[in-house]
Amino acid sequence: MHAVTNEPSRDSLLKRVVWSALTSRHAQFSQGGDLARRFDPAISPFAAAANNSPEALAALAELIQPGDDRAFILQADDIALPHELEAEITALGVLMVEVSPSAGPSRSTSIVQLDETDVPEMVELATLTKPGPFTARTPELGTFFGIRLDGRLAAMAGSRINLDGYTEVSGICTHPDFRGRGLASELSLHVTDVIRSRGDIPFLHAYADNHGAIALYRKLGFEIWREVNVAVVRRKAQIDPD
């Protein structure tokens, strides 16, 4: 007889990974309620509805303010929007899960844990290389590591979306002056080691057409779990009847 378990399945957790995080380990950073939530925008632009019901989508719309406010939707489920919202950008991505930890290249002894004193350099590097949404408060979501060369932050990687049993490897970037040295691979493997040591399964995201990144992540022991939908949304502009 098989034991009965109430633990959620991988599908139920990762299909709406942002929702899973905001209703578990990242609940302290969330705004919203039982139908829709978003991260504090100062920390991260990600938002999610619990499902595609009209009630949940209406609750999502309430969380996105008029004007310059933008939210990122990231989920394996189809993205549905209420009439109050519109998508400025849509894209197809992949969610990759580590299936076979890789020894990878030799690890550098120069990997250091980054802290609040490093935030200005982290933001500068992320702004230059665009590894995904990154603000001065994004490092509050997880632990970030870096490699310094010639007194500069040459590369970094860390963890972002954190939910029960899974932690995302994110913010992987290398300054153009230091590319071609395998720094991103070293840091990614270091972050996955840290995640695994806590008993979590590492996962990450990439755009579906970024074949170079996907090939690299496969070498590091990741495989595609599922394609995911990405949208940058905002409230529609109000039309003055006059």
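The values are calculated or read from the model by the stated rules, or taken from the named source; none is laboratory data. Computed from a predicted structure; not experimentally measured. When we count neighbours, we look across all protein chains shown, and the Cβ atoms used for this are built from the backbone with ideal geometry, even at glycine. Note: areas computed on protein heavy atoms with side chains; ligands, DNA, RNA excluded. Shrake-Rupley method; radii C 1.70, N 1.55, O 1.52, S 1.80 Å.
Couple of notes before you dig in:
- Per residue, the accessible area of segment 56-166 comes to 47 Å², computed with a 1.4 Å probe over protein heavy atoms only.
- Per-residue ³J(HN,Hα) for segment 66-79, Karplus 6.51 cos²θ - 1.76 cosθ + 1.60, θ = phi - 60°, Hz, x for Gly and Pro: x, x, 8, 5, 10, 10, 9, 9, 9, 6, 6, 5, 4, 8
- Reachable aspartates and glutamates from Lys236, criterion Cα separation under 13 angstrom, eight or more residues apart if same chain: Glu62, Asp68, Asp69, Glu84, Glu86, Glu88
- Charge tally around Asp177: other residues with Cβ under 9 Å, Lys/Arg +1 each, Asp/Glu -1 each, net +1.
- Expressed in Å, the radius of gyration and Dmax of the Cα atoms of segment 186-242 are 18.4, 62.
- Across segment 154-162, coupling constants 3J(HN,Hα) worked out from phi with the 6.51/-1.76/1.60 Karplus curve, θ = phi - 60°, read 7, 7, 8, 6, x, 10, 10, 6, 10 Hz, and Gly and Pro carry x.
- Arg10 - accessible surface, heavy atoms, 1.4 Å probe, Å² rounded to 10: 80 Å²
- For the residues Lys15, Lys130, a 1.4 Å probe over the protein chains yields an accessible-area ranking, largest first, of Lys130, Lys15.
- Cα pair distances exceeding 29 angstrom across the chain, given as percent: 30 percent
- Accessible area of Ile201 (1.4 Å probe, protein heavy atoms only, ligands and nucleic acids ignored): about 50 Å².
- Centre separation in Å (Cα based) which lies between segment 165-192 and segment 46-96: 28 Å
- Summarising the amide proton neighbourhood of Leu153: residues at separation of 5 or more, or on other chains, whose placed amide H is nearer than 5 Å comprise an empty set.
- Solvent-accessible surface ranking, highest first, for His26, His211 at 1.4 angstrom: His211, His26
- Accessible area in the full protein assembly, largest first, 1.4 Å probe, for Leu128, Leu141: Leu128, Leu141
- According to the Kirkwood relation over distinct C-alpha pairs, the hydrodynamic radius of segment 72-197 is 16.0 Å.
- When the helices of the chain are scored as -39500 (n - 2.57) per DSSP H run of n ≥ 4 and the total is divided over every residue, the value at 222 nm lands at -6500 deg cm²/dmol.
- Accessible area of the chain belonging to carbon and sulfur atoms, whole % at 1.4 Å probe: 51 percent
- Here Tyr207 sits with roughly 120 square angstrom of accessible surface, probe radius 1.4 Å.
- Net charge contributed by nearby residues that have their C-beta within less than 14 Å of Thr23 (K/R +1, D/E -1): +3
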